[in-house]
Amino acid sequence: MERNSSRSVADLIMSPNCPPLVLHGLIDHWNARRWNIELLSHQVKGKLSCKLSPKTHQNLWETQCIHEFISLEEFAAWGKSNEEKSSPLNKYKSEDFSCYVDYKYMKDIASDKILKDVDWGVFGFPDRDGKESTIWIGSEGCYTNCHYDMYGFNLVAQIQGRKQWILFPPWETSYLYPTRIPYEESSVFSEVNVKNPELQQHPQFQKARPYTVILEPGQVLYVPRHWWHFVESLEDSISVNTWIEMTEDFESRVSEAVTRCLISPLVGARDELSDEETESDSWINPGEEILSPDANLQLLQLAISLRRHKTEEQKSSRKMFCEAVKNLPIRDQNRLMKRKRKHSHEDVGNEYRKEPKVLSMETGVVNKHGKKDNSREEDSEEQFKSSRDLQCKTDMDGPYIVVVQSEVKDESDDNLKSDKKSFTSDKRKECEQSMESDSSSKGDKNLERTDSRSTQDISQTSSVLEASENRSELLRKLVKSVTHPNVIQEIIKELHH
Ligand SMILES: O=C(O)CCC(=O)C(=O)O
């Protein structure tokens, strides 16, 4: 990308195939930059759910973590001399556990006063502030498992502390072993522990190319639609994000509704199994619930009709959508409305006044574990070699943007060079094709139409099933295969006929 680009930030992030970006110098005017945990504890009242994970056990599923309800005062005082005796956090040593007050809609927990401390206008979204944002408050070591979000794209502002983001492009989905267990509406998790992968179990992961970024306070990360991400707080941190709806979300709503229909009876079936056959952890993330088959079908019906009428919906600016949603149970209304704003190039007000400089750069050579390998740093003195280096480069005027790129350690130089073009549509297509051929060469029969299945396929499937003794494990495999993103796409094609 060129330096001194005249394009606005909004144009840039709305452009097709825009890679992940680190945006510098754009939120210095936010009052939120002055937040710290003590200040927030006066503006956020009541108890909030938090998850605690032992620092020795990275990559626990949310369902395996300990959950407590705490006030932000208790969070702030944790491990300090002023810690209250009655604090639920007393039971856990801050040296041994991380604590994460994660994924909280600001409008649900914060005073009106601080909602205006966040302002996404500079990114082209003038009517977005804390009301449309989510806050994440965590101690050093807290993390969010690798997943991608079904809806929209994401802008993440780092307010306090540093966080590491490890990203993977959507066309590498087959290397990341997607799963819907634990089930969370709109999140597809990866089975892989990306920081410490078990390559025997997940051999395809070797082919994945991580894009690693350390996000510093004051920086904003643009996460394009459907990019996988694993996130870890390198120190106590506060971040705020907003998911910006896109017209593609009409499709995603249908696939989420199909997934919900398929997964609900299977998760229900697991509840019927005896305790010996199930692990102790739940398959449903906290805050999620399994609806009745009828409610699931209503959601599917609604999602399909919204998709069909999306053009009218765009014209009538949410009117029809809101009418349809009004007939659903309150909880489902919230679910559907939370990302209700459609998004298109036309409705982006360009609030951005200064022209940012755009730097193309690498974030350092990373190995398969997302760790940086310093041995290659001398390769290019001209370019910043890591986001850490960039942070030291404070002599540049005005805002600037870093294009996040990946580089892997054990590839030939030719491969490295070709990787740098990774955002051309050609490369993307190539990867998508390879993903398709990958799954068909692996004999992934889920991708074939049911009516073309041979008897042999069926007997193969049943021998796999027989080989597994544990019914809970059988169910897990079933859930995994029927909710695989490619299978959902096939089903949607059928539904649209
Ligand atoms: O910051 C985190 O821990 C996770 C954030 C995230 O997953 C998101 O913004 O989509």
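The GluC sites (Glu not before Pro) of segment 51-89 meeting both criteria, a DSSP state outside H, G, I, E and B (loop) and at most 14 other C-beta atoms within 10 angstrom of the site's C-beta, are E84.
Working from Cα pairs under 8 Å separated by at least six residues, relative contact order for segment 1-157 is 23 percent. Loop-located trypsin sites (Lys or Arg not before Pro) across segment 50-115 with a Cβ neighbour count of 12 or fewer within 10 Å are K80, K85, K93, with loop assigned by DSSP. Dipole check for segment 190-310: with +1 at the C-beta of Lys and Arg, -1 at the C-beta of Asp and Glu, and the Cα centre as origin, the magnitude is about 940 Debye. For the residue pairs K47/K163; K195/K480; K85/K163; K131/K480; K207/K477, alpha carbon separations beyond 32 Å are given by K131/K480. 3J(HN,Hα) along segment 98-107, derived from phi through the Karplus expression 6.51 cos²θ - 1.76 cosθ + 1.60 where θ = phi - 60°, amounts to 9, 10, 10, 8, 10, 6, 10, 5, 4, 5 Hz, with x in place of Gly and Pro. About its Cα centre, segment 49-136 has a charge dipole of approximately 160 debye under the convention of +1 per Lys or Arg Cβ and -1 per Asp or Glu Cβ, with nothing else charged. Length gained on full extension, K131 to Q206, computed as 0.36 nm times the residue gap minus the Cα-Cα distance: 23.0 nm.
Values quoted throughout were computed directly from the atomic coordinates according to the rules given, and no laboratory measurement underlies them. Bear in mind that the values here come from a model prediction, so they are computed numbers and not experimental data. So basically every Cβ, Gly included, is an ideal-geometry build from the backbone, and we count neighbours across all protein chains shown.
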